Amino acid sequence: MAAKLKKGDKVVVLAGKDKGKEGTITSVDPKAGKAVVEGINMAIRHTKQSQTSQGGRVPQAMPIQLSNLAFLDANGKATRVGFKVEGDKKVRFAKTTGDVIDA
């Protein structure tokens with residue numbers, strides 16, 4: 001199945017402790033159905049000190065389920081993503097406005 005949400009998309013969280021927060025997708029794992037969103041679902045990771053980095057408690061964004069994310073359209077509203085063929089290219093579009101997401 002084609003990816004409805006991709007790296008670099010602006011999304012809003014629909015469910016969970018960060019409900020209503022917005023962020024940008026930094027990575028997607030389609031096999032697990034999860035994505036890492038900048039500043040969302042933060043957890044504290046304890047790291048050991050090394051020659052290159054200071055040790056301690058480091059906040060890190062953890063993966064969140066793709067079903068709990070919604071794409072933000074040009075108006076800043078949550079929308080679903082659909083596919084349509086324009087010419088000979090398959091493109092994503094916002095279901096609410098009908099605007100093409102990737103040209």
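Here are the numbers:
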item: Cubic angstrom per residue, convex hull over Cα atoms of segment 43-103; result: 160 Å³
item: Counted charge near LYS6, where neighbours are those whose Cβ lies closer than 13 Å (Asp, Glu -1; Lys, Arg +1); result: +1
item: Inverse of mean 1/r across different Cα pairs in the chain, Kirkwood, Å; result: 15.1 Å
item: Kirkwood-based Rg to Rh ratio, segment 22-75, C-alpha trace; result: 1.11
item: Dipole magnitude of the chain, debye to nearest 20 (Cβ charges: Lys/Arg +1, Asp/Glu -1, about Cα centre); result: 320 debye
item: Loop sites in segment 18-89: trypsin sites (Lys or Arg not before Pro), DSSP, at most 12 other Cβ within 10 Å; result: LYS19, LYS31, LYS48, ARG80
item: Fraction of accessible area attributable to carbon and sulfur, segment 39-99 (%, probe 1.4 Å); result: 48 percent
item: Solvent exposure of the chain as accessible area per residue, Å², 1.4 Å probe; result: 69 Å²
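The values are calculated or read from the model by the stated rules, or taken from the named source; none is laboratory data. It should be emphasised that the depicted structure is a prediction, and the values quoted were computed from it without experimental measurement. FYI the Cβ positions are ideal-geometry reconstructions off the backbone, even for glycines, and counts take in every protein chain you see. Accessible surface is based on the protein model in full, side chains and every heavy atom, while ligands, DNA and RNA are left aside. Shrake-Rupley method; radii C 1.70, N 1.55, O 1.52, S 1.80 Å.
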